[in-house]
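**Q** Can you keep this structure in mind? I'll have questions shortly.
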Amino acid sequence: MRYSHRHFLTSAPALVATILVVSGAHAADILPIGTTGTWTDTTSARGLSADGSTVVGTASSATGDVRPFLWKPTVGDIWIHNGQPTWYYTEGLAINANGTVAVGAGYDGNYQRQWRWTQASNVLTDIGNLCNCAGAYATGVSADGSVVAGYSAAPGFHATRWTSATGLVNLGTAGMIESIARGITPDGTAIVGHGLVTAIGLRGFIRYGDGTWVQLQPNNAGEGTIALAVGSTPNMVAGYSGSEATRWESEVPMPLGILFGESSSVATAIHATGDVVGGHSGGNLVPQSNNNGGWIWTQTRGMVRLSDFLASQGVDITGWSHLDGVSGFSQNGTVLIGNGVYNGKARGFMVRGLDPLCGPWIDIQPEDTTVCHLGQFTLSVQAFGPTFHPPLFQWERWNDSFWVPLQNITYGTGTTISGANSPTMTVWNSSSVDVPGAYRCVMTAGCSSKATNTVMVGMVFSPPSFQDDGIAPKACSHGGAAMTVYPGPLGNGPFTYQWQREHFPNSNTWTNLSNGTTLFWDGNNPGVGGMIGGANTATLIIVADVANTRQLAKVHQRGYRCVVTNACGSNTFAKSLTVFLSGDTNCDDSINSFDIDPFVEWINAGNVATAPAGYLALNATQACWDQRGCWGDVNHDGFANNFDIDPFVGCVLNAPPAGQACP
């Protein structure tokens, strides 16, 4: 029988490769920051530009001095100490949206001072210290770099705001004992931080653009609060309350949890949307060193250890013994920075190429499927956004060179689509014109969209049919047999397989087979037993269980069939297995004295192809003679010869039960 099949698609691998080229593909990786040069004994990543291009941080020398730097993955370290050659212990603390303005603090030999650096000037400019005493730190900068937030001794610490027009302005304490600014909104209007309040200790605050101050309330009464980061608006603030990382949305606190095995958590970074938070475990403002306690959080994922998350995203973290904290996210959510230990040294790091953390993520991908012509199929995806608000879904089909969004409609061919904008799309009356091809689902949530893997939908036109190989399966009791089914046409696949055994010989009732021992259905008699393999493949194998000194027997001689299924239905193809018993020289299914004379005829004649007349005169057959390599190999050494005489005699004298072979 010959088969033909229709082609509706370019080969699947070629089509998927074409789609990947059009769509683009990337792999996330982690890069150590500052690994060469004098000032790279240790490095610390403190801030990330919103565009994800530039890191600001602090590096130390072996002598313990500290310098600020910028770092770009395409350039490496950029030292920004120009203009203040006498300053030392100078820290880079924050950076603007495109990496052209950085701010921080440095010691001028007398006092700590705030500084601002611009790419245009390439100079650290001293922007002040309120009292020219003690310390002053610039800790945040607006997106355009024009507004700087920080704090300075006055002589107690007071939050500050700087612009080129106003200089360094004392924002006061709003009734608190002191105030410390930790972050500023991109538009430069609102500042967050913390202060010291009589009786209740630390209290986080938001200073709005109109000058109004609001203290951030704790998760639990009596806890102190600290605000360390702010999103694109003051409605999203991150820090901690008591010993637990906390996010405030519209001033309402939400505890984010504590990693398993850790005692505390601190939120140090928040995405512009507020949907993603990062931080560290242990310690307070500074992560506890070497505890691998860095984490990220979204509503749907909860708090996840950073090393575990990166591993799940396929990021190779070889060399990083610890990832201790997260200190920034890019606007598009594909880049994050933090600090850890790389090859034994404290290092800042950048992870780039991530699927947007602030966008949807896929838990279960759709799978390839095949549909019967004019039949029904479904495609499903399980996906989540960063928040509990579900993503928007759009199923698409590839149209030779671009993706076409699908709609809930009925085509002229009768093909009907339902659920084109839901996690599960169902298609009825599938026609060969509208259905076969490549599909994907695009989910939109938070800051981005994400497409599933491309899946292929094939089409078949009829249930399986079969081509007989013409091989009648035969098994020797101490050997085995293989039975193969050949479904077709080839274009009607893929096929699934389930082999079955006839419940009793000639009963035409069938029971599914599973891989493993036959003892649960063959009677579990001493010396009798086989092993099944390939029960769900095109080829079934049944062999003697020689490992447990068991052989096949006549109980295994019965019908076997395979139920083959495709998208259009199922069909069966059956084979009948004949089992020949070692020592049963006349093939009457029993070993007894009637086997002696045929055995002698075989010994006298040798292994000639045609059965001798004396053998046939004993009511034996040519078909039985053809199996002499089985029944004559009584000692199971793989050869039928004179060495089998003594084992044969012993077997006849101690004959096994009918239907069983010589042991």
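**Q** Give the range 593-611 a look and list any residue that's in a loop (DSSP other than H, G, I, E, B) and surrounded by 15 or more Cβ atoms within 10 Å (Cβ to Cβ), or say none.
**A** Ala611
**Q** Name every residue in the range 558-607 that is modelled with pLDDT of 95 or more and of a type in the set (Val, Ile, Thr), in order of residue number.
**A** Val563, Val564, Thr565, Thr572, Thr578, Val579, Thr585, Ile591, Ile596, Val600
**Q** Additional query: Restricting to the range 379-391, name every residue that is in a strand (DSSP E or B) and under 30 Å from Ala567 (Cα atoms).
**A** Leu379, Ser380, Gln382, Ala383 - these are the residues of the range 379-391 that are in a strand (DSSP E or B) and under 30 Å from Ala567 (Cα atoms).
So that you can scan it fast, the table gives a plain yes or no per residue for (1) crowded, with 20+ Cβ neighbours inside 10 Å; (2) closer than 29 Å to Gly76 by Cβ:
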| residue | (1), (2) |
| --- | --- |
| Gly314 | no, yes |
| Phe329 | yes, yes |
| Gly353 | no, yes |
| Gly385 | yes, no |
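**Q** Could you go through the range 156-171 and let me know if any residue there is more than 21 Å from Trp115 (Cβ to Cβ), out of contact with any strand residue (DSSP E or B) (no Cβ under 7 Å at 6 or more places or on another chain) and not aliphatic (A, V, I, L, M).
**A** Scanning the range 156-171, I find no residue that is more than 21 Å from Trp115 (Cβ to Cβ), out of contact with any strand residue (DSSP E or B) (no Cβ under 7 Å at 6 or more places or on another chain) and not aliphatic (A, V, I, L, M), so the answer is no.
**Q** Exactly one of these conditions fails for Ala451: (1) buried (at least 18 other Cβ atoms within 10 Å of the Cβ); (2) closer than 30 Å to Pro356 by Cβ. Give me its number.
**A** With respect to (1) buried (at least 18 other Cβ atoms within 10 Å of the Cβ); (2) closer than 30 Å to Pro356 by Cβ, Ala451 is out only on (1).
**Q** Any residue in the range 561-573 that is part of a strand (DSSP E or B) and closer than 15 Å to Gly527 by Cβ? Walk me through how you get there before you give the answer.
**A** Looking only at the range 561-573, we keep the residues that are part of a strand (DSSP E or B), and these are 561-566, 569-573.
With closer than 15 Å to Gly527 by Cβ added as a condition, the list becomes none.
Checking the range 561-573: not a single residue is part of a strand (DSSP E or B) and closer than 15 Å to Gly527 by Cβ.
**Q** Go through the range 428-449 and give me each residue that's over 30 Å from Gly231 (Cβ atoms), of a type outside the set (Lys, Arg) and out of contact with any Leu (no Cβ under 8 Å at 6 or more places or on another chain).
**A** Trp428, Ser432, Val433, Asp434, Val435
**Q** Find the strands (runs of 3 or more DSSP E) located wholly in the range 486-537 whose residues include 1 or more that are without any contact (Cβ under 8 Å) to a residue 12 or more places away in the chain, and list them.
**A** By residue number, 510-512.
Rundown of residues vs (1) over 59 Å from the mean Cα position of the chain (by Cα); (2) touching a residue at least 60 places away in the same chain (Cβ under 8 Å), yes/no style:
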{"position": "Arg561", "(1), (2)": "no, yes"}
{"position": "Val564", "(1), (2)": "no, yes"}
{"position": "Asn571", "(1), (2)": "no, yes"}
{"position": "Asp584", "(1), (2)": "no, yes"}
{"position": "Ser590", "(1), (2)": "no, yes"}
{"position": "Trp602", "(1), (2)": "yes, no"}
{"position": "Leu616", "(1), (2)": "yes, no"}
{"position": "Val634", "(1), (2)": "no, no"}
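**Q** Where in the range 109-211 are there strands (runs of 3 or more DSSP E), lying wholly inside it, with at least 3 residues that are under 45 Å from the mean Cα position of the chain (by Cα)?
**A** Output list reads 112-118, 136-141, 148-153, 178-184, 191-197, 201-207.
**Q** Would you confirm whether any residue within the range 99-119 is charged (D, E, K, R) and modelled with pLDDT of 95 or more?
**A** First, the residues of the range 99-119 that are charged (D, E, K, R): 108, 113, 116.
Checking which are modelled with pLDDT of 95 or more leaves us with 113, 116.
Looking through the range 99-119, at least one residue is charged (D, E, K, R) and modelled with pLDDT of 95 or more.
**Q** Also, quick follow-up: When you check Val169 against the structure, is it in contact with a Phe, Trp or Tyr (Cβ under 8 Å, 6 or more places away or on another chain), over 19 Å from Leu228 (Cβ atoms) and either in contact (Cβ under 8 Å) with a residue 60 or more places away in the chain or not acidic (Asp, Glu) (or both), yes or no? Please lay out each step first, then the result.
**A** Details: in contact with a Phe, Trp or Tyr (Cβ under 8 Å, 6 or more places away or on another chain): yes; over 19 Å from Leu228 (Cβ atoms): yes; either in contact (Cβ under 8 Å) with a residue 60 or more places away in the chain or not acidic (Asp, Glu) (or both): yes.
Answer is yes for this residue.
**Q** A further question on this structure: Could you tell me whether the range 394-407 includes any residue that is in a strand (DSSP E or B), closer than 30 Å to Leu256 by Cβ and in contact with a Pro (Cβ under 6 Å, 6 or more places away or on another chain)?
**A** The answer is no; no qualifying residue exists.
**Q** The conditions are (1) surrounded by fewer than 19 Cβ atoms within 10 Å (Cβ to Cβ); (2) over 57 Å from the mean Cα position of the chain (by Cα), and Phe639 fails exactly one of them. Which is it?
**A** (2)
**Q** For residues in the range 489-539 being under 22 Å from Gly569 (Cβ atoms) and among the aliphatic types (A, V, I, L, M), which is surrounded by the most Cβ atoms within 10 Å (Cβ to Cβ)?
**A** That would be Leu513.
Conditions tested, residue by residue: (1) out of contact with any Ser or Thr (no Cβ under 8 Å at 6 or more places or on another chain); (2) surrounded by 19 or more Cβ atoms within 10 Å (Cβ to Cβ); (3) in a loop (DSSP other than H, G, I, E, B); (4) not assigned by TED's automatic domain parsing to the domain that holds Thr100.
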| position | (1), (2), (3), (4) |
| --- | --- |
| Ser44 | no, yes, no, yes |
| Gly52 | no, yes, yes, yes |
| Thr63 | yes, no, yes, no |
| Arg67 | no, yes, no, no |
| Trp71 | no, yes, no, no |
| Asp77 | no, yes, no, no |
| Asn82 | yes, no, yes, no |
| Thr86 | yes, no, yes, no |
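**Q** Is at least one residue of the range 221-239 surrounded by 20 or more Cβ atoms within 10 Å (Cβ to Cβ), within 37 Å of the chain's Cα centre (by Cα) and more than 29 Å from Gly128 (Cβ to Cβ)?
**A** For the range 221-239, residues surrounded by 20 or more Cβ atoms within 10 Å (Cβ to Cβ), within 37 Å of the chain's Cα centre (by Cα) and more than 29 Å from Gly128 (Cβ to Cβ): present.
**Q** In the list Gln660, Gln557, Gln622, Gln627, which residue meets the criterion of being surrounded by 22 or more Cβ atoms within 10 Å (Cβ to Cβ) and polar (S, T, N, Q)? Lay out the reasoning, then the answer.
**A** Details: Gln557 fails: surrounded by 22 or more Cβ atoms within 10 Å (Cβ to Cβ); Gln622 fails: surrounded by 22 or more Cβ atoms within 10 Å (Cβ to Cβ); Gln627 fails: surrounded by 22 or more Cβ atoms within 10 Å (Cβ to Cβ).
Result of the check over Gln660, Gln557, Gln622, Gln627: Gln660.
**Q** OK, next. Under the condition of being touching a Phe, Trp or Tyr at 6+ places or on another chain (Cβ under 7 Å) and outside any strand (DSSP E or B), which residue from the range 432-453 is farthest from Ser232 (Cα to Cα)?
**A** Ser432
**Q** Could you tell me which of the residues Ala94, Ala120 is farther than 18 Å from Ala159 by Cβ, hydrophobic (A, V, I, L, M, F, W, C) and assigned by TED's automatic domain parsing to the domain that holds Val169?
**A** Within the list Ala94, Ala120, the selection yields Ala120.
**Q** Okay, next question. State yes or no: is Met456 in the same structural domain as Trp403 (by TED's automatic domain parsing), surrounded by 15 or more Cβ atoms within 10 Å (Cβ to Cβ) and not in a loop (DSSP other than H, G, I, E, B)?
**A** Yes: the conditions hold for Met456.
**Q** Is it the case that Ser422 is of a type in the set (Ser, Thr, Tyr), under 23 Å from Asp363 (Cβ atoms), in a loop (DSSP other than H, G, I, E, B) and in the same structural domain as Ala383 (by TED's automatic domain parsing)? If you could, list the steps in order and put the result at the bottom.
**A** On the way: of a type in the set (Ser, Thr, Tyr): yes; under 23 Å from Asp363 (Cβ atoms): yes; in a loop (DSSP other than H, G, I, E, B): yes; in the same structural domain as Ala383 (by TED's automatic domain parsing): yes.
Yes: the conditions hold for Ser422.
**Q** Here's another thing I want to ask about it. Looking at (1) in contact (Cβ under 8 Å) with a residue 12 or more places away in the chain; (2) surrounded by fewer than 19 Cβ atoms within 10 Å (Cβ to Cβ); (3) farther than 25 Å from Val543 by Cα, which is the one condition that is false for Pro647?
**A** The failed condition is (3).
The values are calculated or read from the model by the stated rules, or taken from the named source; none is laboratory data. Computed from a prediction, not measured in an experiment: that's the story for all the values here. All Cβ positions, even for glycine, are placed from backbone atoms using ideal geometry, and neighbour counts span all protein chains on display.
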